[in-house]
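The values are calculated or read from the model by the stated rules, or taken from the named source; none is laboratory data. Since the structure is predicted, the reported quantities are computational estimates derived from the model, not experimental observations. Here the Cβ is made from the backbone with ideal geometry for all residues, glycine too, and neighbour counts use every protein chain on show. The area values use the complete protein model at the heavy-atom level, side chains included, leaving out ligands, DNA and RNA. Shrake-Rupley method; radii C 1.70, N 1.55, O 1.52, S 1.80 Å.
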Amino acid sequence: MGPAVSAHVTPEVSAQVGPGVTSAVSRGWDAACVTLVRSLLAGLATFVTLLAWAGFAEQPAGFLVPLFAACVMVAVVGTLLRAARVPPVLVALGQLLVLALWLHHRLASASALGGWLPSGESLRQMVHAVHASGVAAQVYSSPVPASAPQFYPLLILTGALTAVLVDLLAVGLRRAPLAGLPLLAAYTAPVSILGGVSWVAFAAAALCFLALVAADHAERLEHWGRRLSPRRAPWDVSRDGVGGGTWSSARRIGLTATALAVVAPLLVPTFDLRLFPGTGGPGNGTGGSVSLSNPMVDLKRDLVRGADVGLVTITTADPDPSYLRLTVLNNFDGTAWRPSTRTIPRKQRADGQALTPPGLGTSVRRAPQVARITVSRLFSSRWLPTPYPVTSVDAPGDWRYDTSTLDFLSAASGQTAAGLSYRTHYLQITPTAAQLSDAGAAPLAVFTPNTALPRNFPSSIRRLAERVTRGRSSKFEQAVALQDWFRVGGGFRYSLRRAPGNGTDDLVTFLTPGPHGRVGYCEQFAAAMAAMGRALGIPSRVAVGFLRPERDTATDTWTYSSHDLHAWPEMYFAGVGWVRFEPTPQDRSGAVPSYTDQQLPQAVPTTPTSRPVSPALPSRAAQPHRDLGTNGSPRATSTSHGPAPLVGLVCLLLVAAVALGPRGLRALSRRRRWRAGDDPASWVEAGWRELHDTAVDLAVPWDARLTVRGLARALAGAFGRPGAPGATSGRTARGSAAAPEAVAALDRLVELVERARYARSLPVGATTADEVRALVATCEAALGAGAGPRRRWRAAWLPASLLPASRTRVTRHTRSGPDRRGPAVDRAV
């Protein structure tokens, strides 16, 4: 009988079944098409935004073509997984897995099993490729030359992750506006590093994002009401229907908003000042050209170049111009030395006005000098090369100076020093060792910012600085002791075979004796001496520029080349101002400043000068990196470590507030609720609201559409027996039979609620506040016994009733079945 029935289906049955099946298939196909369209829109918006990265490399196709494939891959994989009704988070994980296999194949297919399956060697090769890409991003400025293709994996990986995040937000979680955040982050990178992107790229990215948002809202509006027009394809945007109206409005609003965003900046005057754009900067990055945007990163890159390119020529009668300064790094945050935030008004322009070197007294011997400086067209620098201390500069363009540092930086978008020729007046100062040794205290405006150290500054470096300078009575003698230790007594060696870096981790490694320690180039020497000087209470900073130019005797010109780029520390002494020191070993830097090589009248060193002290820095294992030292000079300690106990106490209080805050707020809410009224009706309503909040906290269903009796029956089904053995393990019996005393208390509370709401008035003697509280406490105990320990813990420490959404929350009732026959009168809690 069965096979016959299944083999012969009558036309009537086919006519009845066919339309339903066809309709279901059609709806499924439409949903899949809509998901595919939205996924492709998300991928398109991501890829068009990533086109702004084209300026990062000479040949952007090396990473843009793989990024296009990654965006398509994310869209297709997402559509297939969503068609199988996979949760959004698992969809994202699946996309990441596919992308990881694809990137693994691109970067390490030679070592993989079958070219795709990972092996130990292929994983190591993949990690090495990503690490090499990060190193290339630090070494090269934008655009990265075509000779460095190892730079591409970093951009491919970052762009692919952006595509997954945009797809998750816009399609998986259906929060298309939030997808603008990762797109904005991806667009901000070229704006900050390259100095700007084409308005065409901005307009295209903006329109794609607006189309993604419009598609999301059009799909939402399609579910409003019944469709009156025939069903259309998902990509049909004709004007009939709700979705068509959305697309029509989206076109008008999107085009108008994008046009205003492109045109408005042209009408608004702005001051473009970027002191520290990032790891790259403007420049062509090719051939023999040199760009300088990030001082420390670009310093290492230009030092390791093969060709020694002439960059700056100075014509002067000065017999020894030596150091030529570019910029000052006076902010140390523990990760790197950087220029501090500066406010530079228009009046501080390099237009020939007289300048006053900070801190320079009249007793210091000086020799005025005049120089004509010419910058090669190969040198793209945001800073103007000048001697120090300079007394006037007259340069074409908009160049502005900082009064505290006397360095000159570009105030115009895209303006660099390449090809400039300008005139400058400066001083050749020669202070004596006695003047520096007798210097008084630095002004607070100089001392405070230039002795500041991060709170996690290693105390081991502070103690090392104290041991190196032990027995030196003045700050100047301490500075000379540090300089001599780096050059002679500390066992340091100059080498460019070291990764760039001047943060606290890099300094600890550099100062620690061993096979990898005490080896570096001028960046590490200057940064380490400046940090140790600050630990001793000496105002210190790092300068970046040139040293040791080559002289052309026939024309009295000196030429600084790319291999002359250098970094050195500057320290402040009252009455003299900022003076330079030279901790870099002699084979690189030459002789030390003359004032650091003079003998003082009194012999203050307690150790023989023929064998400079060479204390060893404790190993990183023996000395924790984040140990906050309590020793050091009183001024440095008060500046950097004085508030440490207070900060610790504040952090402890914040942690306690975060942990105890929700529990305290819930208790405060309960207390205020019970004190709100002074009549029986108020007590009853307060008790019913308190029972509601407890149910919400315990995740017990509470359907506000039911009557009071219907809610009571649903709550009774969630009761457990308080104090029963299973109450602590969550396996207690549930239902009205498990807690008869709680059911009786709930019946009494329901009776009081109905009388308070529907009777003319609740008599004064009908109940008391203590009775209502006892009834609610009994019901709450039964609810907690039926909820289990995990939900009780969450209700105590993370009560959900504090959230505004809980006030109008509607949840499914349990299967114990509330009575739906009564009128749904109880619409609000």
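A few comments on the model shown:
- Residue check, Pro549 within 19 Å of Pro389 (Cα to Cα) and open to solvent by 10 Å² or more (accessible area, probe 1.4 Å): yes
- Some residue of the range 129-136 being part of a helix (DSSP H, G or I) and modelled with pLDDT of 85 or more: yes
Residue-wise test of (1) touching a strand residue (DSSP E or B) at 6+ places or on another chain (Cβ under 7 Å); (2) at pLDDT 85 or above; (3) surrounded by 14 or more Cβ atoms within 10 Å (Cβ to Cβ); (4) closer than 22 Å to Ala742 by Cα.
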{"residue": "Ala769", "(1), (2), (3), (4)": "no, yes, yes, yes"}
{"residue": "Gly784", "(1), (2), (3), (4)": "no, yes, yes, yes"}
{"residue": "Arg791", "(1), (2), (3), (4)": "no, yes, yes, yes"}
{"residue": "Pro799", "(1), (2), (3), (4)": "no, yes, yes, no"}
{"residue": "Thr814", "(1), (2), (3), (4)": "no, no, yes, yes"}
{"residue": "Ala828", "(1), (2), (3), (4)": "no, no, no, no"}
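- Selection count, the range 311-339, where residues are open to solvent by 60 Å² or more (accessible area, probe 1.4 Å), assigned to a loop (DSSP other than H, G, I, E, B) and not charged (D, E, K, R): 3
- Residues that are closer than 23 Å to Trp578 by Cα, part of a strand (DSSP E or B) and of a type in the set (Gly, Ala, Ser) occur in the range 382-403; there is at least one.
- Residue in the range 173-186 that is farther than 23 Å from Val86 by Cα and at pLDDT below 75 present: no
- For the range 570-619, filtered to residues that are at positive phi and part of a loop (DSSP other than H, G, I, E, B), the residue that is modelled with the highest pLDDT is Gly575.
- Residue in the range 421-435 that is closer than 26 Å to Asp597 by Cα and among the charged types (D, E, K, R) present: no
- Tally, over the range 49-63, of residues that are open to solvent by 20 Å² or more (accessible area, probe 1.4 Å) and part of a helix (DSSP H, G or I): 5
- Pairs meeting the criteria (first residue in the range 122-138 and surrounded by 15 or more Cβ atoms within 10 Å (Cβ to Cβ), second residue at pLDDT 85 or above and β-branched (Val, Ile, Thr), beta carbons under 9 Å, at least 6 apart or on different chains) are Ser133/Ile156.
- Search result, residues across the range 753-767 that are outside any helix (DSSP H, G or I) and either open to solvent by less than 50 Å² (accessible area, probe 1.4 Å) or among the hydrophobic types (A, V, I, L, M, F, W, C) (or both): Ala759, Leu762, Val764, Ala766, Thr767
- Residue identified as under 29 Å from Asp320 (Cα atoms), crowded, with 18+ Cβ neighbours inside 10 Å and not aliphatic (A, V, I, L, M) among Thr403, Thr451, Thr391, Thr432: Thr391
- Extreme residue, farthest from the chain's Cα centre (by Cα), among residues of the range 372-420 that are small (Gly, Ala, Ser) and under 17 Å from Asp351 (Cβ atoms): Ser392
- The residues in the range 688-724 that are over 13 Å from Glu754 (Cα atoms), open to solvent by less than 30 Å² (accessible area, probe 1.4 Å) and not β-branched (Val, Ile, Thr) can be counted, and the count is 19.
- First in the range 176-204 and in contact (Cβ under 8 Å) with a residue 12 or more places away in the chain, second anywhere and in a helix (DSSP H, G or I) and basic (Lys, Arg), Cβ under 9 Å, 6 or more apart: Ala176/Arg38
- Residues being open to solvent by less than 30 Å² (accessible area, probe 1.4 Å) and out of contact with any Pro (no Cβ under 9 Å at 6 or more places or on another chain) - total across the range 771-782: 3
- Test result for Ala442, in contact with a Ser or Thr (Cβ under 8 Å, 6 or more places away or on another chain), in a loop (DSSP other than H, G, I, E, B) and surrounded by 18 or more Cβ atoms within 10 Å (Cβ to Cβ): no
- When Ala441 is tested against (1) in contact with a Gly (Cβ under 6 Å, 6 or more places away or on another chain); (2) among the hydrophobic types (A, V, I, L, M, F, W, C); (3) modelled with pLDDT under 90, just one condition goes unmet, and that condition is (1).
- Subset of the range 76-96 [open to solvent by 40 Å² or more (accessible area, probe 1.4 Å), over 20 Å from Leu154 (Cβ atoms) and not basic (Lys, Arg)]: Val76, Leu80, Leu81, Ala83, Ala84, Val86, Pro87, Pro88, Val89, Leu90, Leu93
- In the range 97-120, the residues that are open to solvent by 50 Å² or more (accessible area, probe 1.4 Å), part of a helix (DSSP H, G or I) and without any contact (Cβ under 8 Å) to a residue 12 or more places away in the chain: Leu97, His105
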